[in-house]
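*Asks:* Mind having a look at this structure? Questions to follow.
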Amino acid sequence: MNFLKKVLKALLFSPVALFLLFEEWGWEPLAACFAALGRLPVWRQLERLVLRLPPWAALLAFGVPVLTLIPLKLLALYLLGQGYVGAGLGLILAAKIAGTALTARLFQLTHPALMQMGWFARGYGVWKPWKDHKLRQVRTSWPWRAGRRLKQRAKALWLRGRAVFSAAVADLRK
């Protein structure tokens, strides 16, 4: 029974871990991409408006765009069901990347106003430590550590190969 419990826990933890890792990996860089749009005058004005919103409006500004991506994801599932695997996977991937970028930036902008709502602050106070704990579990797992070692080896191999190639090209130019 204990073995079965461990297997079920691992099966349930895996998708959660993948979701959290994608969010964690994508959150900062994708938010930075959207923040870079803030240099455009129209985008800068929109961001200023969002920053001045009261808490209830900040919740709408944060939640509505996130919810509008659900129909896209459902369409992607429909496409997958109809046999359009490439289109379905592409749409899911595009919606996930765009959704993460938009959500991350909107959360950065609305976070101070959202934290003024007691229920949100309490929920965030539970969510953030839980998420951080799960990410620590993932990062200490053997697949994660093995993947990091593999990534470091691949990067070192790539850099050595690039150096050899650059030296060969420089020799040819002489």
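*Asks:* What's the number of the condition Met115 fails, among (1) over 17 Å from the mean Cα position of the chain (by Cα); (2) touching a residue at least 24 places away in the same chain (Cβ under 8 Å)?
*Replies:* (2)
*Asks:* Right, something else. Would you confirm whether or not region 114-131 contains a residue that is part of a helix (DSSP H, G or I) and of a type in the set (S, T, N, Q)?
*Replies:* no
*Asks:* Tell me yes or no: at least one residue of region 138-160 is in contact (Cβ under 8 Å) with a residue 60 or more places away in the chain, of a type in the set (A, V, I, L, M, F, W, C) and assigned to a helix (DSSP H, G or I).
*Replies:* Yes, some residue in region 138-160 is in contact (Cβ under 8 Å) with a residue 60 or more places away in the chain, of a type in the set (A, V, I, L, M, F, W, C) and assigned to a helix (DSSP H, G or I).
*Asks:* Within the set of pairs 6+ apart or on separate chains, which have a first residue in region 88-100 that is assigned by TED's automatic domain parsing to the domain that holds Thr68, a second that is of a type in the set (Phe, Trp, Tyr), and C-beta atoms under 7 Å apart?
*Replies:* Correct list of pairs: Thr100/Trp27.
The values are calculated or read from the model by the stated rules, or taken from the named source; none is laboratory data. For clarity, every value in this text was computed on a predicted model and none was experimentally measured. As a convention, Cβ positions derive from the backbone with ideal geometry for all residues, glycine included, and neighbour counts pool all protein chains shown.
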